[in-house]
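The values are calculated or read from the model by the stated rules, or taken from the named source; none is laboratory data. This is a predicted model, so every value here is computed, not measured. Positions of Cβ are generated from backbone atoms using ideal geometry, with glycine treated the same way; all protein chains shown enter the neighbour counts.
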Amino acid sequence: MIFPERVGEQRRIGVAIEVPEPFGTELQSARKQFGDPLADLIPPHITLLGPTVVEPADMDEVAAHLEAIAHQFPPFTVRLRSSGTFRPVSPVVFVQVAQGIAECESLERAVRSGPLTQTLRFNYHPHVTVAHEVPDIALDVAFETMGEYAAAFEVVAISLFEHGDDNVWRPVRRFALGDGRGEDASPSTDS
């Protein structure tokens, strides 16, 4: 996976909907089973903003932006169902978002504005990756195996993630939908 380069003290961030338990563990285990080397580095999520480099001095503005957005959106239900793929364009197999698509799309557009304005390389398509850049046979197995997968959960927050020097993506702050109050995620030991 190619990430934007950091210079000096810049931070590499992303914004996503975390997949809660027990589904997070199920999907992470599946990703490991398919041989994805990123399985332990990227928690299961629905991306709202892909990897983005931000100056440390801009982090307060980013947090205020995310808090304001979260305040505007009520909680909603996401239903995951079946598998999909971006092949042949990209070697990715994912679990599809079957309910909550419009809400994810609206959140993504709002997040990708203001201090986080950027142009997308591909059209936004909410999903949860279960295999990425693994051999074709593993992609085939992932696609078949996840074809019957189903889960549903309430989205009550969006999360700001940081990419650590150890290549792990960690949630560092959650922004509750509907009331705009953010909360710190589990403290990170990475700097």
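Quick notes on this structure:
- Residues of region 55-81 satisfying the condition of being under 30 Å from Ala30 (Cβ atoms) and surrounded by 14 or more Cβ atoms within 10 Å (Cβ to Cβ): Leu66, Ala70, Phe73, Phe76, Val78, Arg79, Leu80, Arg81
- Scanning region 134-151 for residues that are part of a strand (DSSP E or B) and out of contact with any helix residue (DSSP H, G or I) (no Cβ under 9 Å at 6 or more places or on another chain) gives a single hit, Ala150.
- Pair list, Cβ under 7 Å, 6 or more apart: region 142-164 residue over 17 Å from Lys32 (Cα atoms) and modelled with pLDDT of 95 or more, other residue acidic (Asp, Glu) and part of a strand (DSSP E or B): Ser159/Glu18
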